[in-house]
Amino acid sequence: MSLPEQPAPDQAWHISASSLTVRYGRRIAVDGLDLTFGAGVHGLLGPNGAGKTTLMRVLATASPATGGSLRILGRPSGDRHHLRAVRRRLGYLPQRFGYYARFTVREFVEYVAWLKEMPAADIPGAAQRVIERVQLGDRAGHRMRTLSGGMVQRVGVAQALVNDPEVLLLDEPTVGLDPEQRVHLRALLRDVGAQTCVIVSTHLVEDIAAACSDVAIIDEGRVAFRGSVDQLAAAGSREDSGDSAVERGYTALLRQHRTRVVAAR
Ligand SMILES: Nc1ncnc2c1ncn2[C@@H]1O[C@H](COP(=O)(O)OP(=O)(O)OP(=O)(O)O)[C@@H](O)[C@H]1O
């Protein structure tokens, strides 16, 4: 039986999460998040252990939420009938990116395209395009195990893009990239985000400032701030720690959020 492909009538947002919760035993990693994402490049910032990777995994349908509701491309994420159809329209670079070391770059990206059930005739051209897009055209025939860490990371971006996804989820994509490649990736994200919903988790505020249209700061599984990069940069003062306006804004907003949380207890 073929799965329905037509867009759902209520597809206002690419992603819409309501009271989204993820528990690991007694620990709450994602604590009742209400978040919506449309087209654009959306940054996720937050301290270690804030819940960013957990959230990304749930948005990528790689792990289930334990509470609340999540709609991806207009479909309830828990609906098994739609899962395959939704996954075909997602791209995901996990924080720990697994690959087959003996595959060449081209073989690996084509393999991911095949997993995404792309039409066989489209796969070689699509793989070549995304490999060139991450500037690895000269390495397409090289085995994955011969690449540097930063090159492997760029293959990770390429495999996430190969199916021309409507939702692109990148968990710390600039880790390991040299400055030139970082600048290139940010430009690529801006370009993709013009039409697509791109969510980027990062610890680098420079990435946020250069690539993102808006930002969500996550702390202990909750949204500490959601707004534009300008609002983030304007939130800090000279007294806040940080080497840039965005870093000072991040420090200030996190502090304000934690004060509110303590006061509410
Ligand atoms: N598989 C797991 N089992 C138990 N606890 C987990 C598991 N994965 C994550 N956690 C916990 O959930 C919380 C959120 O972790 P998560 O990896 O989502 O944070 P993060 O914001 O991505 O952190 P980082 O910036 O360090 O990557 C942490 O307290 C972490 O210890």
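The values are calculated or read from the model by the stated rules, or taken from the named source; none is laboratory data. In this text the structure is predicted, and so the values were computed from the model without any measurement. Because the Cβ atoms are built from the backbone with ideal geometry, glycine has one as well, and the counts that use them run over all protein chains shown.
Points worth noting:
- Candidate set: the range 136-166, residues that are surrounded by 21 or more Cβ atoms within 10 Å (Cβ to Cβ) and among the β-branched types (Val, Ile, Thr); chosen: the one farthest from ALA12 (Cα to Cα): VAL155
- Of the strands (runs of 3 or more DSSP E) that lie entirely inside the range 1-110, those containing 2 or more residues that are β-branched (Val, Ile, Thr) span 15-24, 27-37.
- Selection status of HIS81, more than 16 Å from the ligand (Cβ to nearest atom) and crowded, with 22+ Cβ neighbours inside 10 Å: no
- Those residues of the range 164-183 which are within 16 Å of the ligand (Cβ to nearest atom) and assigned to a loop (DSSP other than H, G, I, E, B), in sequence order: GLU172, PRO173, THR174, VAL175, GLY176
- Of everything listed in (1) touching a residue at least 60 places away in the same chain (Cβ under 8 Å); (2) among the hydroxyl-bearing types (Ser, Thr, Tyr); (3) over 29 Å from ALA121 (Cβ atoms), the single unmet condition for THR259 is (1).
- Against the numbered list (1) away from the ligand (no atom under 16 Å from the Cβ); (2) under 18 Å from LEU253 (Cβ atoms); (3) not in a helix (DSSP H, G or I), HIS203 comes up short only at (1).
- Residue match in the range 63-85 (condition: more than 19 Å from LEU35 (Cα to Cα) and either touching a Lys or Arg at 6+ places or on another chain (Cβ under 7 Å) or polar (S, T, N, Q) (or both)): yes
- Pairs where the first residue, in the range 158-186, is farther than 30 Å from LEU70 by Cβ and the second is among the acidic types (Asp, Glu), C-beta under 9 Å, 6+ apart: ARG182/GLU206; ARG182/ASP207
- When HIS42 is tested against (1) farther than 30 Å from ALA187 by Cβ; (2) more than 14 Å from the ligand (Cβ to nearest atom), exactly one condition is not met: (1).
- Filter result (within 16 Å of the ligand (Cβ to nearest atom) and either of a type in the set (Phe, Trp, Tyr) or crowded, with 22+ Cβ neighbours inside 10 Å (or both)) within the range 206-225: ASP207, ILE208, VAL215, ALA216, ILE217, ILE218, GLY221, ALA224, PHE225
- Sole residue being in contact with a helix residue (DSSP H, G or I) (Cβ under 8 Å, 6 or more places away or on another chain) and assigned by TED's automatic domain parsing to the domain that holds VAL30, chosen from ARG106, ARG71, ARG102, ARG75: ARG75
- Test: residue in the range 55-70 that is over 23 Å from TYR24 (Cα atoms), among the hydrophobic types (A, V, I, L, M, F, W, C) and either surrounded by 17 or more Cβ atoms within 10 Å (Cβ to Cβ) or away from the ligand (no atom under 16 Å from the Cβ) (or both): no
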